[in-house]
Each structure stands twice: as C-alpha cells, then as structure tokens.
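*Asks:* Sharing a structure, written as structure tokens. Questions coming.
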Amino acid sequence: MLMAAAWVALEDVDPAAGPLTYFVGSHKLPFRSMQDLGCDGPPPSYPCYEGRIREEMEAAAGQGSVFPQSMAPKRGDVIIWAPNLVHGGSSVEDASLTRRSQVTHYFFEGDALYVRPMFSTVTGDVYTSRWSAKGEAPRGVILDARRGT
Ligand SMILES: O=C(O)CCC(=O)C(=O)O
C-alpha cells in the first residue's frame, strides 16, 4: 500500500449534510488516469474525469464488483481508506448543515510518488508529475499490481 487517508469527523454528520460516499471494492479495480479516460485536455478537465469515473462505477456496480455506501459518522469517528478507493461528498440536501472534517493523506517511504489525476501524466506504468515545488518534473513508476499493464 502506497497511501492511506484518515478522515476525522469534527462533528456529528447529519445524512442531509452531504455525507462522504464511497464505492466499496473500488480500491481493487485498476487505477484510471485522466489519460486513460480521455480527459487530459488541454486543459485537463476534472468534471470529465469525475463523470467518466462515475460511469465506470455505475457499470461496475451493475456487474456486482462494487457498491455505493454512505456514512453518517459521529464526532471523533475516523474513516481510513486505501489508495484508489473512489469516494467523495454526496449531494447536500440541507445547506444550513455543516459536516466539518479533517483529512490527512499519508504517503509511505520508498519509491512511491504522489500521483494526482489533475497533475500527473501516466504512460503505461510510468507517471510524470506536471507540477513540482522545485520546478523539476519528478517521474516514478506506479507500484501497483492492479494497474495490470
Ligand atoms: O470530505 C469529502 O467530501 C472528501 C474528502 C476527500 O475526498 C479527500 O480528502 O480525499
């Protein structure tokens, strides 16, 4: 595992506050880059990427390999997820509500580099970062057998 994220509820989450939704089992599917999904632009389009991922999740759900689930955690509850788990906020039904949280993404030592869809170009198993604080373009290999290439 190259990354894990911890999502901490800072207050009780009401189901009408757009709780976190995720696709159970999606972390076992191959990683999909913006290049894979034809959303690389220019400019790269996150709405395109999100829409294509949504289509893929709906197809996978139809085949029974994933299913959507939402959580309404209590203050102090922690959700820990593996890399590649498809997740995001669901629709907010009551805009007067909040669902404050604190999220930390942990990256582990080794050859792992930070692949982010909007900022990474993926060719086969090799990705290049489009951005770096130091100005260079770090390259790395996706160390993930699920990539399947
Ligand atoms: O809280 C959310 O709605 C999503 C958070 C998230 O996707 C993340 O931090 O990776």
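All of the numbers you see were taken from the coordinates with simple rules; none came from a lab. The model shown is predicted, which means the values in this text are computed figures rather than measured ones. Don't worry about glycine lacking a Cβ; one is built from the backbone with ideal geometry, like all the others, and counts go over all protein chains shown.
*Asks:* If each Cα of the stretch 1-48 is one equal point scatterer, what is log10 of I(q)/I(0) from the Debye formula at q = 0.15, 0.23, 0.32 Å⁻¹?
*Replies:* -0.72, -1.00, -1.15
*Asks:* Can I ask one more? Per-residue counts of other Cβ atoms within 10 Å, averaged by peptide: what ranking do you get for 47-57, 71-81, 15-25, highest first? Write down the numbers at each step before the final one.
*Replies:* Values: 47-57: 15.4, 71-81: 13.5, 15-25: 18.2.
Sorting 47-57, 71-81, 15-25 by mean packing, highest first, produces 15-25, 47-57, 71-81.
*Asks:* Now, a different point. Only four residue types carry charge here, +1 at the Cβ of Lys and Arg and -1 at the Cβ of Asp and Glu. Report the dipole size of the stretch 3-111 about the Cα centre in Debye, rounded to the nearest 20.
*Replies:* On the way: 8 positive and 14 negative charges, 28 e Å.
That gives the stretch 3-111 a dipole magnitude of about 140 debye.
*Asks:* Going toward the positive end of the dipole of the stretch 3-111, with +1 on Lys and Arg Cβ and -1 on Asp and Glu Cβ, which of Ser45, Phe31, Val13 do you reach last?
*Replies:* Sorting the options by dipole projection puts first Val13.
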